[in-house]
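Q: Mind looking over this structure? Questions follow.
The values are calculated or read from the model by the stated rules, or taken from the named source; none is laboratory data. It should be emphasised that the depicted structure is a prediction, and the values quoted were computed from it without experimental measurement. In this analysis, Cβ positions are derived from the backbone assuming ideal geometry, glycine residues included, and neighbour counts consider all displayed protein chains. For accessibility, only protein heavy atoms count, side chains too; no ligands or nucleic acids. Shrake-Rupley method; radii C 1.70, N 1.55, O 1.52, S 1.80 Å.
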Amino acid sequence: MPELPEVETIVRDLAPKVAGHRLRHPTLYKTDVLRGVSRARLLRTLDGARVLELTRRAKHLVFRLEGGYRLVIQPRMTGSLLINRPPLTPDQRRYAVLTAAISPKQLLVFRDVRRLGTIHLLDERAWVTYTSRIGDEPLDPAFTLDRFRAVLQGSQQAAKKVLMDQRKLAGVGNIYANEALFRAGVDPSRPACRVDRASSARLYRAVRSVLNEALTARGTTVRDYRTGTGGAGNFQFSLQVYGREGEPCVRCGTPLVTTHAIDGRATTFCWRCQGAGAHAPGTRGH
Ligand SMILES: [Zn+2]
């Protein structure tokens, strides 16, 4: 699933190509992705609208349009955004959800293999509500250790669940939550409010460093994710726990274990380095 580094990579690839251009001939191939907007209103609003900027909020792509609207695309599991040369090939067209020409030879294409992504069209007021429901951006300079501590202190839920809770922290999903907790040596199932000061400082640094490194590597491709230029990311080669169940811990050699005890998502960790044995019922190291 595209998380912060993947969506940010797409944005950095495409923003210079779309900013300042008008969207022409918008075409919606599937309507089940729309949220709170009809096909007719979406197409009417997009047609001829100039894109002022393309940015990211959490795991979402945000097109700020002339006229005060924002087109928000949540790629979710299998969505991606590309620029193709028209006409689309049958293969490119197969998963196309929304397209719009940004020049005679450039077609902006949101494609989504399984169509789990969503499209929102928000006016200024709806945008303020939308963004206010999402937590702090972890790479924002305003996101200090104190703010992170306050997030942890405010919840009795598992530390990993809090990291992934978009209302509390923006953009971190399963891959980077697993990686950050391992780097920091924090038990994923530990109640967030009981993560001690030293551990929360390590976790704060780990969240930011893993996101920054993944951004430098242009994201993690484990399945469908593609950058804004259609390539794969490279951070999958640097993952230390995600997807490595049964493989030796890079630090101590103990086989990594996976549990689905936290929110039904795969949590892979080293019980020895992360002290998880005592906190995760149903998981055992040996
Ligand atoms: Zn270990």
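Q: Spot the failing condition for Leu169; the list is (1) away from the ligand (no atom under 16 Å from the Cβ); (2) more than 14 Å from the chain's Cα centre (by Cα), and only one is missed.
A: Failed condition: (2).
Q: Identify all residues within segment 4-17 that are within 21 Å of the chain's Cα centre (by Cα) and either more than 12 Å from Ser80 (Cα to Cα) or acidic (Asp, Glu) (or both); write none if there are none. Break it down into steps so the answer makes sense when it comes.
A: The first filter runs over segment 4-17 and keeps only residues within 21 Å of the chain's Cα centre (by Cα), leaving 4-16.
The answer is Leu4, Pro5, Glu6, Glu8, Arg12, Asp13, Ala15, Pro16.
Q: Another question, if that's okay. Exactly one of (1) open to solvent by 20 Å² or more (accessible area, probe 1.4 Å); (2) of a type outside the set (D, E, K, R); (3) in contact (Cβ under 8 Å) with a residue 40 or more places away in the chain is unmet by Pro138. Its number?
A: (1)
Q: If you don't mind, there's one more thing I want to ask. State yes or no: is Ser80 of a type outside the set (A, V, I, L, M) and at pLDDT 95 or above?
A: When the stated conditions are applied, Ser80 does not pass them.
Q: Also, quick follow-up: State all residues of segment 216-230 that are open to solvent by 30 Å² or more (accessible area, probe 1.4 Å), assigned to a loop (DSSP other than H, G, I, E, B) and free of Cβ contacts under 8 Å to residues at least 40 places away in the same chain; if no residue qualifies, say none.
A: Of all residues in segment 216-230, those open to solvent by 30 Å² or more (accessible area, probe 1.4 Å) come to 216, 218, 222-224, 226, 229-230.
If we keep only those that are assigned to a loop (DSSP other than H, G, I, E, B) as well, we get 218, 222-224, 226, 229-230.
Scanning segment 216-230 gives no hits.
Per-residue answers, yes or no, for (1) open to solvent by 10 Å² or more (accessible area, probe 1.4 Å); (2) within 15 Å of the ligand (Cβ to nearest atom); (3) of a type in the set (A, V, I, L, M, F, W, C):
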{"residue": "Leu181", "(1), (2), (3)": "no, yes, yes"}
{"residue": "Gly185", "(1), (2), (3)": "yes, yes, no"}
{"residue": "Ala198", "(1), (2), (3)": "yes, no, yes"}
{"residue": "Phe237", "(1), (2), (3)": "yes, no, yes"}
{"residue": "Glu247", "(1), (2), (3)": "yes, yes, no"}
{"residue": "Arg251", "(1), (2), (3)": "yes, yes, no"}
{"residue": "Arg272", "(1), (2), (3)": "yes, yes, no"}
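Q: Shifting gears a bit: If we scan segment 12-25, do we find a residue that is assigned to a helix (DSSP H, G or I), touching a helix residue (DSSP H, G or I) at 6+ places or on another chain (Cβ under 8 Å) and among the hydrophobic types (A, V, I, L, M, F, W, C)?
A: no
Q: Also, I was wondering about something else. Determine whether Val241 is within 16 Å of the ligand (Cβ to nearest atom) and either among the β-branched types (Val, Ile, Thr) or under 22 Å from Gly171 (Cα atoms) (or both). Steps first, answer last, please.
A: Values: within 16 Å of the ligand (Cβ to nearest atom): yes; either among the β-branched types (Val, Ile, Thr) or under 22 Å from Gly171 (Cα atoms) (or both): yes.
Spelling it out, Val241 is indeed within 16 Å of the ligand (Cβ to nearest atom) and either among the β-branched types (Val, Ile, Thr) or under 22 Å from Gly171 (Cα atoms) (or both).
Q: Another question about this same structure. Between Val257, Val207, Val151, which is under 15 Å from the mean Cα position of the chain (by Cα), of a type outside the set (Phe, Trp, Tyr), farther than 30 Å from Tyr95 by Cα and crowded, with 18+ Cβ neighbours inside 10 Å? So that I can check it myself, show each step before the final result.
A: Details: Val257 fails: under 15 Å from the mean Cα position of the chain (by Cα); Val151 fails: under 15 Å from the mean Cα position of the chain (by Cα).
Testing whether each residue is under 15 Å from the mean Cα position of the chain (by Cα), of a type outside the set (Phe, Trp, Tyr), farther than 30 Å from Tyr95 by Cα and crowded, with 18+ Cβ neighbours inside 10 Å leaves just Val207.
Q: Go through segment 158-193 and count every residue that is part of a loop (DSSP other than H, G, I, E, B), closer than 19 Å to Gln240 by Cα and free of Cβ contacts under 8 Å to residues at least 40 places away in the same chain.
A: Looking only at that region, the number is 0.
Q: Scan segment 194-212 residue by residue and report those that are polar (S, T, N, Q), under 15 Å from Leu163 (Cβ atoms) and touching a residue at least 40 places away in the same chain (Cβ under 8 Å).
A: Result: Ser200, single match.
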